[in-house]
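Peer 1: Okay, here's the structure, questions in a sec.
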Amino acid sequence: MLSMLMHSQGTIQPWIRLGVALFTATILPTRSRELVILATCHAMDAVYEWRQHETTSASFGVTAEQRAAIQSENLDILDDYDRSLVQFATAVVKSPRIDEQAFAAVRHHLSDAEIVEAIHLCGYFWTQNRLASTLDVEIDPPNDYAVVAANVASWGLPTEAFPAE
């Protein structure tokens, strides 16, 4: 994916900086961030980023059963917090407006800042997923963050968001 993004020299560094900020400068808990990413990927039928985040989400506490619930859209096993987050992210991806019930449910659990961050994540991963599917990007091995982390470090940005291999 990174090699594809490098074709746009004018946007690669700002794009990576935004991605790093979404992983290091937000208050939304990391596990919640992974649920938003997975819900976004599933709502878009996006294989590339889903595969990238299967292992990452597990390292932050998302279980195989919870990932399966997102994929099957049977969210009964999720607690109220997780369910509201997954439904919110799905609604954000599927429509420019979400119903009041979905918004009220997520608002019960998240602060205004966390809601904005969740929407930012949906938008970022919507774009990543569209780039990968439209350009038929070959799926990289999950957690192969060495190249991305090296570039991020060379730009003076924090790399703690990238799990060690």
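Peer 1: Taking all protein chains as present, what is the carbon and sulfur share of the accessible area of the stretch 17-61, in % to the nearest whole number, probe 1.4 Å?
Peer 2: Solvent-exposed carbon and sulfur of the stretch 17-61 make up 55 percent of the total.
Peer 1: What is the distance in Å between the Cα centroid of the stretch 42-73 and that of the stretch 83-138?
Peer 2: The stretch 42-73 and the stretch 83-138 have Cα centres spaced 14 Å from each other.
Peer 1: Here's a follow-up. Accessible area per residue, 1.4 Å probe, Å², for the chain: what's the number?
Peer 2: Each residue of the chain exposes 52 Å² on average to a 1.4 Å probe.
Peer 1: By accessible area of protein heavy atoms, probe 1.4 Å, what ranking do HIS7, HIS109 get, highest first? Could you put the intermediate results ahead of the total?
Peer 2: Values: HIS7 150, HIS109 65 Å².
Result, largest first: HIS7, HIS109.
Peer 1: Could you sort 131-139, 79-87 so that the peptide with the highest average Cβ count within 10 Å comes first and the rest follow in order?
Peer 2: 79-87, 131-139
Peer 1: Going by amide H atoms built from the backbone, whose H comes under 5 Å of the H on ALA46, apart from near neighbours?
Peer 2: none
Peer 1: Compare the peptides 70-77, 29-36, 12-19, 47-54 by average per-residue count of other Cβ atoms within 10 angstrom and give them in order, highest first.
Peer 2: Answer by packing, highest mean first, reads 29-36, 47-54, 12-19, 70-77.
The values are calculated or read from the model by the stated rules, or taken from the named source; none is laboratory data. Bear in mind that the values here come from a model prediction, so they are computed numbers and not experimental data. No Cβ is skipped: glycine too gets one built from the backbone with ideal geometry, and neighbour counts run over all protein chains shown. Ligands, DNA and RNA are stripped out before the accessible areas are found, and what is left, the full protein with its side chains, is counted by its heavy atoms. Shrake-Rupley method; radii C 1.70, N 1.55, O 1.52, S 1.80 Å.
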